[in-house]
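Computed from the coordinates by the stated procedures, all read-outs in this text should not be read as laboratory data. Just so it is clear, the model here is predicted, and its values are computed rather than measured. All Cβ positions, even for glycine, are placed from backbone atoms using ideal geometry, and neighbour counts span all protein chains on display.
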């Protein structure tokens, strides 16, 4: 997913209920009249449409609710700017004439659907809004199918009709938009698949809400958030100040897990990376990554773990009794934050009492399959509601949780869930999780905050994947190589929309 940089460190991500709470707070507490919100939303959406599609006739398909009102404001605004515009009144009642502000806007009924679609060059979906759930009924379903089959660019207002704004589920027909202009803040369902795949480019515009007072349970990881939390490097720093990361990874035949995690840690700035692995893997490890230190897993001394600033355990380490014994040794000897990934999460799932042995700050980094073992629930339930699953894991294991997926989430008990939408589809390759663990481990050694380290690891790995530009051929080593480049970037506002009030601009994944 490509990101023009956006300068906001706090970009909330809302459920449908939270969005309704924002509406109520704006109207009841801050005395912003509802027509003003509708006017602001419609004019902002018109600005985005006019900038992205500056020529051609525009058909706005309006429903009966507030989303239809937003659409009428879009139509009237574009008409005032000299565009040819037509409104299709698809609901049981057309948008209020008061929204026209005296402008003549051609309005037709559902019987003119086919002719209007043929007439238009750009289509606007203003059918269903935040409160819509379930499969759209006709005539909305009919309009959605016709819009999707028209072969014209589609701009959706707030979210594509037919997509649940909280879950991302499309229970029936749903609009496939090229651009989605969402109001106030991105909605969860627009970032969760399959909804994300129906949105196209997401442009979030500010319309007058006060997010810090209204409250929210999740927020995007943005470049500005990452830059504000990335630990600085003192000008006189030495290796001892940059963090000693101990990585327990790679049973015999799995040396690559050690190498990828170690390279991730070093490229993320770790002062030292110590790889604890079997003797059978030593030659491969020290040949592939001579910058790292090596400790034989058999008979490793407690002192190795006691000297660490952060410990990463799990990638390829195995789940047998020997691995369990080693993990217990780590927990007993270390006095630093722990990151448990891969096999270590399976050991924790199989031996829940192990959590009581861990007194250090803890970060778990499961994928949905590992999360299903930790929660003893089907993987499909994890995928269906990752926000709930991540929060449940954080509560159950009293820790921060990085739940990998699309999007990846970071949950903890007392802070909003962090949402990562960075990276590309090329990260769907074995070994990416090992690299992420190493990067997050290096950051954990410096900031010692599992939630912050996880969010930083996600952002910089995702951005590194974008910078690598390898598409389907992306390898974990490519990500590690580009992490330093990602960390050197500055979070300046380079949005090519040039429109005031654009909060975030998310491009489609590649």
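One table, with the values for the structure above:
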{"quantity": "Cα gyration tensor category, rounded, prolate or oblate, for the range 92-132 with a/c compared to 1.5", "calculated": "oblate"}
{"quantity": "The range 12-218, relative contact order [Cα under 8 Å, separation at least 6], %", "calculated": "24"}
{"quantity": "For peptides 171-182, 384-395, 447-458, sequence by mean Cβ density within 10 Å, most packed first", "calculated": "447-458, 171-182, 384-395"}
{"quantity": "In degrees, nearest ten, helix 66-80 long axis to first principal axis of the chain (Cα)", "calculated": "70"}
{"quantity": "Value of [θ]222 nm, deg cm²/dmol, for the chain, DSSP H segments ≥ 4, -39500 (n - 2.57) each, nearest 500", "calculated": "-11500 deg cm²/dmol"}
{"quantity": "Tilt relative to the chain, helix 476-488 - C-alpha long axis, 0 to 90 degrees, to 10", "calculated": "70"}
{"quantity": "Inter-probe distance in nm under a simple model that places probes 7 Å from Cα toward Cβ, at residue 93 and residue 381", "calculated": "4.3"}
{"quantity": "Convex hull (Cα only) mean projected area of the chain, reported in nm² to one decimal", "calculated": "24.0"}
{"quantity": "Calculated FRET value between residue 415 and residue 104, using beta carbons and R₀ = 45 Å, to 0.05", "calculated": "0.30"}
{"quantity": "Angle between the chain longest axis and helix 321-333 axis [Cα atoms, degrees, rounded to 10]", "calculated": "90"}
{"quantity": "Isotropically averaged projected area of the range 113-235, using the convex hull of Cα atoms (one quarter of hull area), nm²", "calculated": "10.1"}
{"quantity": "Ranking of 263, 432 by count of other Cβ atoms within 10 Å, fewest first", "calculated": "432, 263"}
{"quantity": "For the range 224-488, diffusion coefficient by Stokes-Einstein and Kirkwood Rh (Cα), 20 °C, 1.002 mPa s, µm²/s", "calculated": "120"}
{"quantity": "The range 7-120: radius of gyration over Cα atoms, expressed as a fraction of 2.2 N^0.38 Å", "calculated": "1.17"}
{"quantity": "Kirkwood estimate for the range 12-218, i.e. one over the average of 1/r between Cα atoms, Å", "calculated": "16.6"}
{"quantity": "Cα gyration tensor shape of the range 343-423, rounded if a/c is under 1.5, else prolate or oblate by comparing a/b with b/c", "calculated": "oblate"}
{"quantity": "Cα gyration tensor category, rounded, prolate or oblate, for the range 149-205 with a/c compared to 1.5", "calculated": "oblate"}
{"quantity": "For the chain: relative contact order, % (alpha-carbon pairs under 8 angstrom, 6 or more apart)", "calculated": "17"}
{"quantity": "Kirkwood Rh (inverse of mean 1/r, distinct Cα pairs), the range 330-471, angstrom", "calculated": "15.1"}
{"quantity": "The range 420-475 - Debye-derived log10 I(q)/I(0), Cα point model, q = 0.20, 0.26, 0.31 Å⁻¹", "calculated": "-0.67, -0.99, -1.21"}
